[in-house]
Amino acid sequence: MIRALIVDDEQMAREELQALLEATGEFELLTPCANGFDAIKAINEQRPEVVFLDIEMPVVNGFQVLSMVDEERMPHVVFVTAYDEFALKAFEEKTLDYLLKPVEPERLALTLTKLKGTLHRGETPHYDTPDLQRIPCCIGRRVKLVEVAAVECVFTDISGVHLHTAECDLCTDLTLKVLEERTPLVRCHKQYLINLAAVDEIQLHDGGTASVRTHSGRDVPISRRYLRLLKERLSF
């Protein structure tokens, strides 16, 4: 059985595709997601082998979902969209396949054949993903998109990944690795990333460690491993 996740903001579209996938008898279906933010969380936590991903969704669209997932956790992706066939030709090189709405069982069968062959060969999905401009953060039942430039630092602890801005602290389902690779934020500690533009001063400590104070007064640790790199980046 292939672990699969459906992501679409339209309930009818989710239900129709779920019925088609169930009819094949080939899929173990995870709880479907109605938005891109929930999809990121589900991919990180449940590790589906394939995601049937809608493109046009509010707040976080399908392309943005791909840019927010760690490559080590990246599933194979099948775009499911109402875009016309000619526009989708450009997507074929970047994702496993695409399906046009309404999805036809015969076309889904071709996708399934392609997917099974890809999994059998052990191919690892890899997609060209753009740098992040905004980071999705959950506030209750709302998702706030925070501009990367507004972030002073990011840190991780047992409760998750946290963003600190001059105004507030927020949580995100993006991993520290994704934020390091796809934003200008710089690693300064195993658990911290720093925005160099937010650095107000560096304080050197005994033992080769240091700390950064941001413009808002937040103290961020710098480990010995990253101190030289940070000095070079700051021309210090």
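Computed from the coordinates by the stated procedures, all read-outs in this text should not be read as laboratory data. What you see is a predicted model; the values in this text were computed from it and never measured. A quick note on method: Cβ atoms are made from the backbone with ideal geometry, for glycine too, and the neighbour counts reach across all protein chains shown.
Give, rounded to the nearest 20 debye, the magnitude of the charge dipole that the chain has about its Cα centre when Lys and Arg contribute +1 at Cβ and Asp and Glu contribute -1 at Cβ.
On the way: 27 positive and 39 negative charges, 198 e Å.
So the magnitude is around 960 debye.
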Neighbour cut-off at most 15 other Cβ (10 Å), DSSP loop, trypsin sites (Lys or Arg not before Pro), the range 124-178: Arg141
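What length, rounded to one decimal in nm, is gained on full extension from Lys190 through to Lys177, with 0.36 nm per residue of separation minus their alpha-carbon distance? Please list the in-between numbers first.
Working: separation 13, 0.36 × 13 = 4.68 nm, distance 1.05 nm.
Stretched fully, the Lys190-Lys177 segment lengthens by 3.6 nm.
Rounded to the nearest 0.05, what FRET efficiency is calculated for Arg142 and Asp200 with R0 set to 30 Å and r the Cβ-Cβ distance? Provide the component values of the computation, followed by the final result.
On the way: r = 31 Å, r/R0 = 1.03.
Result of the calculation: an efficiency of 0.45.
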Running Debye on the chain with equal point scatterers at the Cα sites and no solvent, what base-10 log of I(q)/I(0) appears at q = 0.09, 0.15 Å⁻¹? -0.45, -0.97
May I ask for the distance between the Cα centers of the range 159-236 and the range 106-141, given as a whole number of Å? 31 Å
State the three equivalent ellipsoid semi-axes of the range 135-233, derived from the C-alpha gyration tensor as the square roots of 5 times its eigenvalues, in descending order and whole Å. 24, 13, 12
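Pulled fully out, how much extra length does the chain show between Ala82 and Thr31, if you take 0.36 nm times their separation in residues and subtract their Cα-Cα distance? Present the calculation step by step, with values, prior to reporting the outcome.
Values: separation 51, 0.36 × 51 = 18.36 nm, distance 2.24 nm.
16.1 nm is the gain from fully extending Ala82 to Thr31.
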Starting from the Cα gyration tensor of the range 1-46, take the square roots of the eigenvalues, sort them a ≥ b ≥ c, and report rounded, prolate or oblate (rounded when a/c is under 1.5, otherwise prolate if a/b is larger than b/c, else oblate). oblate
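Among Met68, Met74, Met12, Met57, what is the fewest-to-most ranking by other Cβ atoms within 10 Å?
Values: Met68 25, Met74 17, Met12 9, Met57 21.
Ranking Met68, Met74, Met12, Met57 by Cβ neighbours within 10 Å, fewest first, gives Met12, Met74, Met57, Met68.
Once you list every other residue whose beta carbon is under 9 Å from the beta carbon of Pro75, what net charge do they have if Lys and Arg are +1 and Asp and Glu are -1?
Numbers: positive: Arg3, Arg47, Arg73; negative: Glu49.
Residues near Pro75 contribute +2 overall.
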GNM, the chain, Cα, under 10 Å: largest mean-square fluctuation among Asp173, Asp70, Asp219? Asp219
Which of the three applies to the range 2-120, rounded, prolate or oblate, going by the alpha-carbon gyration tensor with a ≥ b ≥ c and a/c under 1.5 meaning rounded? rounded
Mean separation of Cα pairs under 8 Å and 6+ residues apart, divided by the residue count of the chain: what relative contact order is that in percent? 12 percent
